[in-house]
Amino acid sequence: MATLILEDGTTFKGRQFGASMSVSGEIVFQTGMVGYPEALTDPSYRCQLLTLTYPLVGNYGVIFLLFFCGRFYLNERSLNSDKTHCLICCCLVQWFESYKIHAAALIIGELSESPSHWSSAKSLDQWLKECKLFNLMLQTVSIFFREGTMLGKLIRNLVREVSMKVTHQDGSFHITVVDCGIKYNQIRCLAQRGARVTVVPWDHPLDTADFDGLFVSNGPGIPSSVRPPSTT
């Protein structure tokens, strides 16, 4: 058993799974029926306690499907065996929105302990243990947050922590992406439409002569706390 304690003193008790540790942060919720790998790896949920409202989570496990040059591969071995694709230009994990879990914890109603999917690599519980993520099963907390989120005590520059720099080399026009917590799917969508994508950190100086279009991603935290990049 574990207890979720809110800043106003309200408590919820539930069954713990995943890693065994204590965490704190802002509690938010998501209402999707599927997509827990995408939600957990979404940089927008950096250091937040993510609550999923759908009653059963984990029923298809965790799927590691690589997207590379317009094709999908179940794992790196199948990718490496395809000799027609020897230059890595954009290798992203399908169904993930970044390279790792960003949420601080996952709160759900019920965990499926026997996932069923032909391409499932592991169970959700196993994945969360490997990633050392604290998780809690309880039934009523999402109802409590329908009117808004409950703030925690975590104060950090979350945009700095999730910002990256990745370049997709192919494309007929150049898009510069300012990464404030970008999702992999946003990069995929730009690349699939023929763009040469350069992803720069949130505080990278910008020169309008360097790109045909500018895309500023969303991200975690409070926008007013982030200094905008300089522009020439």
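The values are calculated or read from the model by the stated rules, or taken from the named source; none is laboratory data. Remember, it's a predicted structure, so these values are computed and weren't measured experimentally. A quick note on method: Cβ atoms are made from the backbone with ideal geometry, for glycine too, and the neighbour counts reach across all protein chains shown. Surface accessibility is based on the protein's heavy atoms, side chains included, excluding ligands, DNA and RNA. Shrake-Rupley method; radii C 1.70, N 1.55, O 1.52, S 1.80 Å.
Quick notes on this one:
- Entirely in the range 28-117, the strands (runs of 3 or more DSSP E) that have 2 or more residues that are touching a strand residue (DSSP E or B) at 6+ places or on another chain (Cβ under 9 Å) and either modelled with pLDDT of 50 or more or of a type in the set (D, E, K, R) (or both): 49-52, 65-68, 91-94, 105-108
- Residue in the range 166-174 that is modelled with pLDDT of 85 or more, in a loop (DSSP other than H, G, I, E, B) and touching a strand residue (DSSP E or B) at 6+ places or on another chain (Cβ under 9 Å) present: yes
- Selected residue (criterion: farthest from Phe64 (Cα to Cα)) from residues of the range 1-50 that are crowded, with 18+ Cβ neighbours inside 10 Å and charged (D, E, K, R): Glu26
- Residues (more than 16 Å from Asp125 (Cα to Cα) and either β-branched (Val, Ile, Thr) or out of contact with any helix residue (DSSP H, G or I) (no Cβ under 8 Å at 6 or more places or on another chain) (or both)) located in the range 35-54: Asp42, Ser44, Gln48, Leu49, Thr53, Tyr54
- Considering the range 184-214, the residues that are open to solvent by less than 40 Å² (accessible area, probe 1.4 Å) and in a loop (DSSP other than H, G, I, E, B) include one that is farthest from Ser98 (Cα to Cα), namely Phe211.
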